[in-house]
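The values are calculated or read from the model by the stated rules, or taken from the named source; none is laboratory data. The shown structure was predicted, so the numbers you read here are calculated from the model rather than taken from an experiment. Please note: Cβ atoms are built from the backbone with ideal geometry, for glycine as well, and neighbour counts cover all protein chains shown. These area figures cover heavy atoms from the full protein model, side chains too; ligands, DNA and RNA do not enter into them. Shrake-Rupley method; radii C 1.70, N 1.55, O 1.52, S 1.80 Å.
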Amino acid sequence: MLKQILSKLPRKSSKSADNREHGGHHNAYYSNVSGGGSRSSDFGTGKSGNLSVSSFAVSNSTADVGWKSADLKQNGNHMLSSYEAMPAFKDVPTSERQNLFVKKLNLCCMIFDFTDPTKNLKEKEIKRQTLLELVEYVTSANGKFSDVVLQEIVKMVSANLFRSFNPQPRENKVIEGVDLEEEEPSMDPAWPHLQIVYEFLLRFIASPETDAKLAKRYVDQPFILKLLDLFDSEDPREREYLKTILHRIYGKFMVHRPFIRKAINNIFFRFIFETEKHNGIAELLEILGSIINGFALPLKEEHKVFLVRALIPLHKPKCLAMYHQQLSYCITQFVEKDCKLADTVIRGLLKYWPITNSSKEVMFLNELEEVLEATQPPEFQRCMMPLFRQIARCMNSLHFQVAERALFLWNNDHIENLIIQNRKVILPIIFPALEKNARNHWNQAVHSLTLNVRKIFNDLDPELFKECLLKFQEDESKEDEAEAKRENTWKRLEELAEKKAFHSEATVGTSESMANGSSG
């Protein structure tokens, strides 16, 4: 039986040689990708499920993939006729398995067009089965990957994954008030192959047989930049894999850590200040959340600069809702790591506080509560005056959710204690807002919450409450007097204007009558 298998190997080997020749075509493609323009602009966790043939169903999506990495017609039928399955790893001697692994990698460098679901079905299935075998081989590997194997792995992954995106025009993706999560994501029709390549890359990076010192020559900075470019994919399944893979690379290749942080930083800069369009901001922030969580104390200056120059300005774009949860987590991590940053963060939020976008205001108030929970009294005192001037404006908002969310801050025990300790400064700032709400806010829930907050201050410090009430009444009477004075001034101006107009008409009439008399 073994002799029969071995007698067949030369024929398979020659076909593999053919495939390597065609792999040369993909080498040219890979070098073309490498030389192309990259937007090298600047964790959560991800889980890869158990890989099996049945777990990868062929996609029914008919969306335009937007790219073609190989034109099968260029090489004619010869290339397709040579595209045949190779023997399984279990059917060859152990000494030949690494060579077979390299040949299978070269076979999988062929890229097929999935925009036509009826095209090259046999070849697509051969590649899919071969990719599954490669995943199984990498998972069960029991020896370090050699230099040649590493090079071939990166070549195959690059040929399959690195491509440019040509998204279909989709109108107003960041329109205010639209629930972006309800929008149907764009699914890549090539996913039946892409998914297995991503699974292969994930298991290769995570494998204990991958020597980081050797692999860093191939999983290098250009490779990482192209991987980061893929985060702009509209397919959420692809972004989920990328998130997990990049986090594993960050953990394994310590030499690349500063570069990865800088590259993500540049992506954020481009997004904030140039395009305001990127599909992967949430996933990048998830990775950063895990990275920030692992920062050593005291925090380096470069990390604080990143907070001020990149993370806080991320509150500016209109599409904040797409990634606010992840951003808020990153911001809170910084404050929990170094409580002295609370003042910087709160003033940053006030700088980008929305004026006309109520749903965004609610998000800011949610984040503000999380930041204040980690804020200590000294930092709170530094920023409490501008902070509560803004909170007072929110309390008076005609949008009931904004007013309600601002008043909910008093339901947090830590925040309430901070306010109580500094009530002599805070109550005079917010008292006018409380009184106006209590008198005439249209929403009953806001009215009730306002009365509760008034009662807290009144029960806690009746004298201060009385002082603020008297001051409010004095200011109100002064405002009434000023208003009456303004009205009187306008009335006098109107009367003077009428008199002046009357005198002008009379003068014109007299001049005309005199002129008529002299002419007669």
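Scanning the range 91-134 for residues that are more than 33 Å from the chain's Cα centre (by Cα) and among the hydroxyl-bearing types (Ser, Thr, Tyr), we see that the one that is modelled with the lowest pLDDT is THR118. For LEU493, the conditions (1) under 30 Å from GLU435 (Cβ atoms); (2) modelled with pLDDT of 90 or more all hold with the exception of (1).
Applying the selection to the range 103-137, what residues are touching a Ser or Thr at 6+ places or on another chain (Cβ under 6 Å) and farther than 23 Å from MET187 by Cα? Full working, then the answer.
Let us first name the residues in the range 103-137 that are touching a Ser or Thr at 6+ places or on another chain (Cβ under 6 Å), namely 103-104, 107-108, 111.
LYS103, LYS104, LEU107, listed by residue number.
The sole residue among ALA484, ALA438 that is among the small types (Gly, Ala, Ser) and touching a Lys or Arg at 6+ places or on another chain (Cβ under 7 Å) is ALA438. Please verify whether GLU483 is open to solvent by 60 Å² or more (accessible area, probe 1.4 Å), part of a helix (DSSP H, G or I), within 24 Å of SER397 (Cβ to Cβ) and acidic (Asp, Glu), treating the condition exactly as stated. Spelling it out, GLU483 is indeed open to solvent by 60 Å² or more (accessible area, probe 1.4 Å), part of a helix (DSSP H, G or I), within 24 Å of SER397 (Cβ to Cβ) and acidic (Asp, Glu).
Say whether the condition of being assigned to a loop (DSSP other than H, G, I, E, B), under 19 Å from HIS247 (Cα atoms) and aliphatic (A, V, I, L, M) is met by at least one residue in the range 291-307.
Quick first cut of the range 291-307, residues assigned to a loop (DSSP other than H, G, I, E, B) only: 294-300.
With the extra rule that they be under 19 Å from HIS247 (Cα atoms), the set shrinks to 294-296.
When the remaining residues are screened for being aliphatic (A, V, I, L, M), the result is 296.
Yes, that holds for at least one residue.
Inside the range 110-150, residues that are among the β-branched types (Val, Ile, Thr), open to solvent by less than 60 Å² (accessible area, probe 1.4 Å) and farther than 17 Å from GLN195 by Cα make up a count of 1.
Rundown of residues vs (1) among the β-branched types (Val, Ile, Thr); (2) out of contact with any helix residue (DSSP H, G or I) (no Cβ under 6 Å at 6 or more places or on another chain); (3) surrounded by fewer than 18 Cβ atoms within 10 Å (Cβ to Cβ); (4) modelled with pLDDT under 95, yes/no style:
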{"position": "ALA406", "(1), (2), (3), (4)": "no, no, no, no"}
{"position": "TRP410", "(1), (2), (3), (4)": "no, no, yes, no"}
{"position": "HIS414", "(1), (2), (3), (4)": "no, no, yes, no"}
{"position": "ILE426", "(1), (2), (3), (4)": "yes, no, no, no"}
{"position": "ARG439", "(1), (2), (3), (4)": "no, yes, yes, yes"}
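Each row is one residue, and each column tells you yes or no for (1) surrounded by fewer than 21 Cβ atoms within 10 Å (Cβ to Cβ); (2) over 21 Å from LEU285 (Cα atoms).
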{"residue": "ILE331", "(1), (2)": "no, no"}
{"residue": "PHE334", "(1), (2)": "no, no"}
{"residue": "LEU368", "(1), (2)": "no, no"}
{"residue": "THR375", "(1), (2)": "no, yes"}
{"residue": "MET384", "(1), (2)": "no, yes"}
{"residue": "GLN390", "(1), (2)": "yes, yes"}
{"residue": "MET395", "(1), (2)": "no, yes"}
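Being touching a Pro at 6+ places or on another chain (Cβ under 9 Å), more than 22 Å from LEU311 (Cβ to Cβ) and in a helix (DSSP H, G or I) is a description that does not apply to ARG248.
Residue check: is PRO192 part of a helix (DSSP H, G or I) and open to solvent by 40 Å² or more (accessible area, probe 1.4 Å)? For PRO192, the condition - part of a helix (DSSP H, G or I) and open to solvent by 40 Å² or more (accessible area, probe 1.4 Å) - is not met.
Count of the range 208-236 residues, restricted to those that are closer than 25 Å to SER140 by Cβ, in a loop (DSSP other than H, G, I, E, B) and either in contact with a strand residue (DSSP E or B) (Cβ under 6 Å, 6 or more places away or on another chain) or open to solvent by less than 10 Å² (accessible area, probe 1.4 Å) (or both), is 2.
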